[in-house]
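The values are calculated or read from the model by the stated rules, or taken from the named source; none is laboratory data. As the structure is a computational prediction, the values presented were derived from the model and not from experiment. Positions of Cβ are generated from backbone atoms using ideal geometry, with glycine treated the same way; all protein chains shown enter the neighbour counts. Heads up: the accessible areas ignore ligands, DNA and RNA and are worked out on the full protein's heavy atoms, side chains in. Shrake-Rupley method; radii C 1.70, N 1.55, O 1.52, S 1.80 Å.
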Amino acid sequence: MIHSPESTEGLRNRTTITVVVPEDAGNALGSIVLRQLPNPDQWDWGRLEPRLYLGDYSLRGKGTIGLASAVVSEAEEDLTIQFNPAIEPGQTVNVVFRGFNPQASIYQWSTELRADGEDPIRYLGPTLRLAVYEQDPFR
């Protein structure tokens with residue numbers, strides 16, 4: 001799942017990616033890759049290191065720095081999030097990014113979930129979707 005409490009273009013956001021690792025997963029979750037589907041603008045993941053917290057999504061969940069690292073590809077289409085340590089089966093992980101909302105549009109990402117370890121098993125996840133709206137001139 002993906003959450004962003006602020007959905008107006010140009011405003012600061014707290015984009016949170018939530019992944020539930022099933023109890024019967026068999027392997028820990030080592031990383032996830034988000035590939036932004038074609039759009040005129042790229043999502044702003046921010047410049048700060050992501051924060052991570054375990055448990056259900058919380059609007060004000062802060063998390064801890066250093067438990068996840070994030071790398072955006074040169075073309076700014078792929079975001080790879082690496083967990084250290086890996087997320088064990090039965091846990092829910094939330095990764096929080098701070099940036100600014102791009103121009104108004106619908107933003108979508110394909111997801112790939114990778115098990116922990118060398119030459120990991122890769123699973124295709126759901127398509128994530130966020131809407132960003134134009135600023136209201138009467139606000």
(request) Please sort 24-31, 11-18 by packing, taking for each peptide the average over its residues of neighbouring beta carbons within 10 angstrom, highest first. (result) 11-18, 24-31
(message) At 1.4 Å probe size, with the rest of the protein present, what percent of the exposed accessible area of the chain is carbon and sulfur atoms?
(response) 49
(request) Tell me, rounded to the nearest percent, the portion of alpha carbon pairs in the chain spaced more than 26 Å apart. (result) 21
(message) Sequence gap at least 6, Cα distance under 8 Å: using those rules, report the relative contact order of the chain to the nearest whole percent.
(response) 36
(request) Sort the following peptides by mean Cβ neighbour count (other Cβ atoms within 10 Å, averaged over residues), highest first: 120-128, 33-41. (result) 33-41, 120-128
(request) Calculate, for the chain, the solvent-accessible area per residue in square angstrom, rolling a 1.4 angstrom probe over the heavy atoms of the protein chains. (result) 59
